[in-house]
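Trainee: Here it is, the structure, as C-alpha coordinates.
The values are calculated or read from the model by the stated rules, or taken from the named source; none is laboratory data. This structure is a prediction, so every number in the text was calculated from the model and none was measured. So basically every Cβ, Gly included, is an ideal-geometry build from the backbone, and we count neighbours across all protein chains shown.
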Amino acid sequence: MRCDGYPQQEDTMKQLLFLFATTLLLAGCAPEVGSKAWCEKMDAKAKGDWTANEAADYAKHCLFK
(Lines give C-alpha, C1' and ligand atoms only; values in the text may rest on other atoms or scores of the structure.)
Protein backbone atom coordinates (compact mmCIF):
# COMPACT_ATOMS: atom_id res chain seq x y z
CA MET A 1 0.00 0.00 0.00
CA ARG A 2 1.20 3.49 -0.78
CA CYS A 3 1.42 6.29 1.77
CA ASP A 4 -1.74 8.06 0.52
CA GLY A 5 -3.88 5.00 1.25
CA TYR A 6 -4.56 3.87 -2.33
CA PRO A 7 -3.60 0.35 -3.26
CA GLN A 8 -0.99 -0.01 -5.96
CA GLN A 9 -3.44 -2.11 -8.01
CA GLU A 10 -5.62 0.96 -8.55
CA ASP A 11 -2.70 2.79 -10.20
CA THR A 12 -2.01 -0.24 -12.38
CA MET A 13 -5.67 -0.38 -13.44
CA LYS A 14 -5.63 3.33 -14.31
CA GLN A 15 -2.52 2.84 -16.45
CA LEU A 16 -4.07 -0.14 -18.25
CA LEU A 17 -7.30 1.77 -18.86
CA PHE A 18 -5.34 4.72 -20.27
CA LEU A 19 -3.35 2.40 -22.55
CA PHE A 20 -6.52 0.68 -23.76
CA ALA A 21 -8.29 4.00 -24.45
CA THR A 22 -5.27 5.35 -26.34
CA THR A 23 -5.09 2.19 -28.46
CA LEU A 24 -8.77 2.47 -29.35
CA LEU A 25 -8.39 6.11 -30.35
CA LEU A 26 -5.41 5.39 -32.58
CA ALA A 27 -7.02 2.36 -34.18
CA GLY A 28 -10.09 4.43 -35.00
CA CYS A 29 -7.99 6.75 -37.17
CA ALA A 30 -7.21 4.19 -39.87
CA PRO A 31 -9.58 4.08 -42.86
CA GLU A 32 -11.64 0.94 -43.35
CA VAL A 33 -10.07 -1.63 -45.67
CA GLY A 34 -11.61 -1.33 -49.11
CA SER A 35 -12.87 2.24 -48.67
CA LYS A 36 -11.95 4.93 -51.16
CA ALA A 37 -9.70 6.57 -48.54
CA TRP A 38 -7.92 3.26 -47.90
CA CYS A 39 -7.35 2.68 -51.64
CA GLU A 40 -5.92 6.20 -51.97
CA LYS A 41 -3.68 5.63 -48.95
CA MET A 42 -2.40 2.40 -50.50
CA ASP A 43 -1.78 4.16 -53.84
CA ALA A 44 0.46 6.63 -52.01
CA LYS A 45 2.31 3.90 -50.10
CA ALA A 46 5.40 2.38 -51.75
CA LYS A 47 4.46 -1.02 -53.23
CA GLY A 48 7.52 -2.61 -51.63
CA ASP A 49 6.17 -1.69 -48.19
CA TRP A 50 2.85 -3.53 -48.66
CA THR A 51 2.19 -6.74 -46.78
CA ALA A 52 0.78 -9.75 -48.59
CA ASN A 53 -2.60 -9.13 -46.96
CA GLU A 54 -2.60 -5.48 -48.03
CA ALA A 55 -1.79 -6.46 -51.61
CA ALA A 56 -4.60 -9.03 -51.66
CA ASP A 57 -7.07 -6.56 -50.14
CA TYR A 58 -6.01 -3.87 -52.62
CA ALA A 59 -6.54 -6.20 -55.55
CA LYS A 60 -9.91 -7.36 -54.20
CA HIS A 61 -11.31 -3.96 -53.20
CA CYS A 62 -9.56 -1.39 -55.40
CA LEU A 63 -8.83 -3.15 -58.68
CA PHE A 64 -11.65 -5.68 -59.09
CA LYS A 65 -14.61 -3.71 -57.76
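Trainee: Between a residue in the stretch 6-35 that is surrounded by 11 or more Cβ atoms within 10 Å (Cβ to Cβ) and any residue that is part of a helix (DSSP H, G or I) and at pLDDT 80 or above, which pairs come within a Cβ distance under 7 Å, given they are 6 or more apart or on different chains?
Mentor: Pro31/Ala37; Pro31/Trp38; Pro31/Lys41; Val33/Asp57; Val33/His61; Gly34/Asp57; Gly34/His61
Trainee: Could you run through the stretch 17-65 and say how many residues are assigned to a helix (DSSP H, G or I) and at pLDDT 85 or above?
Mentor: Adding up the residues that qualify gives 25.
Trainee: Name every residue in the stretch 46-62 that is surrounded by 12 or more Cβ atoms within 10 Å (Cβ to Cβ) and charged (D, E, K, R), in order of residue number. Full working, then the answer.
Mentor: Filtering the stretch 46-62 down to residues surrounded by 12 or more Cβ atoms within 10 Å (Cβ to Cβ) leaves 50, 54-55, 57-58, 60-62.
Hits for the stretch 46-62 are Glu54, Asp57, Lys60.
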